[in-house]
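Trainee: One structure, pasted below without further comment.
Rule-based calculations on the coordinates, nothing more; no lab input. Fair warning: this is a prediction, and the values are worked out from it, not measured in the lab. No Cβ is skipped: glycine too gets one built from the backbone with ideal geometry, and neighbour counts run over all protein chains shown.
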Amino acid sequence: MRLGNSNGNNRGKKYFLRKELGTIVPSEKNRRKADDFSQWIVDNRTDIINFLIMKNSYDEDAFAETYLRMYEKILYTGLEIDDRRAYFHRAYYTNYIQQRAHENRYGDPLKYDLRIADNGNQAERERRQMILENEIYNYVHDHYYVREFELFKMYITLKPAVNYKTLAEITGTKPYIIQRIISKIMSDLRAQKRFVDEYREVAA
């Protein structure tokens, strides 16, 4: 799993893939370190987000993805980070740029805008979008725990009226846990070629 290339100095290093995580049992020491990092995110979230907003580069999904990748790296490898803030920003900007590039190239099946083009039958486009949304919800329901599915559906349905903090207040679940769940599901969905292909057809 790549967390930023540190100005190209990561060449030759090995990275683990999420599909490999099922074979790794984290140590109790690493679990404590990962939980400590999660608490650091909770304590510093507002300051980090305000900085990214000031730089005109804040994206909630990229933020959650960066958090999840760092959490997993600490949990499964025991990564030592001397400067969490600097490391987070470096990893965030790498993820942010990669995400923008991916969306520009392939589109994003979770970010619909039926105003992309006015050609064709609007009712037909809306019907196809509804089918795709139902397929996505069915996939998440079938591949994740019910609680994870519920959090995901609430997040997608209520966005942008809610963020992780407000969703945490509604559900009584810690914000960093919601971040981890949503980011995990979003990454999975974006890796499903059929959803990307169907989105292209809907947005065409």
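Trainee: Which far-off residues, 5 or more places away or on another chain, put their amide H under 5 Å from the one on Leu79, with H placed in the peptide plane?
Mentor: Under 5 Å from the amide H of Leu79 lie the amide H atoms of Ile74, each far enough along the sequence or on another chain.
Trainee: Between Arg84 and Lys193, what is the FRET efficiency for a Förster distance of 41 Å, r being their Cβ-Cβ separation, to the nearest 0.05?
Mentor: The formula returns an efficiency of 0.75 here.
Trainee: Moving on. Based on the mean of other Cβ atoms within 10 Å per residue, sort peptides 50-59, 172-181, 66-75, 128-137 so the most packed one is first.
Mentor: Highest-to-lowest ranking by the protection proxy: 66-75, 172-181, 128-137, 50-59.
Trainee: Further, regarding this structure: How large is ³J(HN,Hα), in whole Hz, for each residue of region 165-179 in order, when computed from phi with the Karplus curve 6.51 cos²θ - 1.76 cosθ + 1.60 and θ = phi - 60°, using x for Gly and Pro?
Mentor: Taking θ as phi minus 60°, the curve returns 5, 5, 5, 5, 5, 5, 9, x, 9, 4, x, 5, 6, 5, 3 Hz for region 165-179.
Trainee: How long is the gain from Ser27 to Tyr137 if the chain were fully straight, where each residue apart is worth 0.36 nm and the alpha carbon distance is subtracted?
Mentor: 36.2 nm
Trainee: Once phi is turned into ³J(HN,Hα) by the Karplus curve 6.51 cos²θ - 1.76 cosθ + 1.60 with θ = phi - 60°, what whole-Hz value does each residue of region 133-145 show in order, with x for glycine and proline?
Mentor: Here the 3J(HN,Hα) series is 4, 5, 5, 5, 4, 5, 4, 5, 4, 7, 10, 9, 4 Hz.
Trainee: From the phi angles alone, apply the Karplus equation (6.51, -1.76, 1.60; θ = phi - 60°) to region 34-41 and give each ³J(HN,Hα) in whole Hz, x where the residue is Gly or Pro.
Mentor: Going residue by residue, I get 5, 5, 5, 5, 4, 5, 4, 4 Hz, with x marking Gly and Pro.
Trainee: Rank-order 160-166, 80-86 by packing density, defined as the average count of other C-beta atoms within 10 Å over each peptide's residues, highest first.
Mentor: Taking the mean over residues of other Cβ atoms within 10 Å, the ranking is 160-166, 80-86.
Trainee: Please compute the modelled spin-label separation between Thr171 and Tyr145, points set 7 Å along Cα→Cβ, answer in nm with one decimal.
Mentor: Placing both labels 7 Å beyond Cα along the Cβ direction yields 1.1 nm.
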